Each structure stands twice: as C-alpha cells, then as structure tokens.
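The values are calculated or read from the model by the stated rules, or taken from the named source; none is laboratory data. Every value quoted in this text rests on a predicted model; they were computed, and no experiment measured them. In this analysis, Cβ positions are derived from the backbone assuming ideal geometry, glycine residues included, and neighbour counts consider all displayed protein chains.
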C-alpha cells in the first residue's frame with residue numbers, strides 16, 4: 001500500500017515538471033545564425049527573467065529561440081522580430097524596452113527615487129536644531145529648590161559638565 005502511494009506521488013511530481021526544451025537546431029547559414037545569436041542576447045526569458053533566451057534552459061526560451069530562427073529564415077528584419085515578440089509577451093521581453101509613456105516608470109523610476117532620497121537627505125541635513133536658551137533667573141531658582149528637595153536626590157558620583165577633574169592619562 002505504501003509503495004503504491006509513493007509511486008503515485010513520484011509520478012505526480014514528474015508530471016508537474018516542465019518538459020525539457022527541444023534541442024536547438026542552428027540555422028544553416030552562419031551569418032543568419034550569428035544574427036540570431038545577437039538577437040538572443042537582447043531578449044529576456046519570460047520564465048527566468050534575469051537571463052537572455054540564449055542562456056536560459058527553460059522550455060519557453062527554447063521555443064523563443066526556435067521562433068526567432070524561423071522568422072530570420074523567413075526573411076524578417078531584426079526590428080520585425082522584436083516587434084512580434086513584444087506583441088506576444090509585452091515590452092518586458094526586451095532587455096532594453098523602448099522609452100514611451102508605458103515604460104517611463106521603468107526607465108526613470110530609479111533615478112526619481114534616488115533624486116527624492118537625496119533631496120530628503122539634504123533637507124534633513126540643513127534642518128537646524130533649535131538652540132537651547134539659558135535658564136531665566138526664576139527657572140534657576142525653581143531648579144535649585146527642586147534639587148534641595150528630599151524627593152530628588154542628585155547622584156553623589158555625578159559631576160557637573162563644566163567641573164574640571166584632575167588631569168589623568170586620558171584627559
């Protein structure tokens with residue numbers, strides 16, 4: 001019983017795995033294949049997202065490589081091939097998406113965040129702390145009364161900041 005359950009679980013795990021990509025078949029013309037390789041480097045794998053389709057082992061990357069080769073073999077221009085991929089997968093598929101209204105955040109968002117953070121840091125650096133005014137004679141008298149009171153005991157080991165101690169090796 002347990003053995004059958006383990007076999008069933010293992011087979012479900014194998015069925016859930018992505019099928020292996022079909023092996024690449026380079027184009028017969030070396031110039032066309034070199035063109036395809038240049039295109040592969042500028043196209044992002046939609047599964048891996050950080051790799052080009054040239055470097056990705058994902059099955060979809062293999063399909064995308066095959067599609068690019070088919071379109072090159074059919075005589076499509078590089079721009080037509082990129083446009084077809086953008087139509088299918090969106091601007092995200094290109095490592096260098098075009099600058100247009102839909103991609104402004106992608107292009108200028110990081111720069112805007114850096115400028116805003118720098119501006120905020122400059123504002124914080126220029127902000128002056130309020131100066132502490134000296135105590136008035138009335139406040140001095142009230143403080144002296146509070147310190148004489150038995151409820152407030154000053155620390156006998158504490159010294160006033162302006163008191164000079166004996167010069168030691170670290171002073």
Looking at segment 128-138, is at least one residue at pLDDT 90 or above and either in a helix (DSSP H, G or I) or surrounded by 10 or more Cβ atoms within 10 Å (Cβ to Cβ) (or both)?
yes
Report the residue count in segment 23-61 for those that are buried (at least 16 other Cβ atoms within 10 Å of the Cβ), farther than 19 Å from residue 82 by Cα and free of Cβ contacts under 8 Å to residues at least 12 places away in the same chain.
0
Under the condition of being surrounded by 15 or more Cβ atoms within 10 Å (Cβ to Cβ) and either out of contact with any strand residue (DSSP E or B) (no Cβ under 6 Å at 6 or more places or on another chain) or touching a residue at least 60 places away in the same chain (Cβ under 8 Å) (or both), which residue from segment 92-103 is nearest to residue 38 (Cα to Cα)?
94
Tell me, yes or no, whether segment 107-127 has at least one residue that is modelled with pLDDT under 90 and not in a helix (DSSP H, G or I).
yes
Scanning segment 68-83 residue by residue, those surrounded by fewer than 16 Cβ atoms within 10 Å (Cβ to Cβ) and in contact (Cβ under 8 Å) with a residue 12 or more places away in the chain turn out to be 73, 78
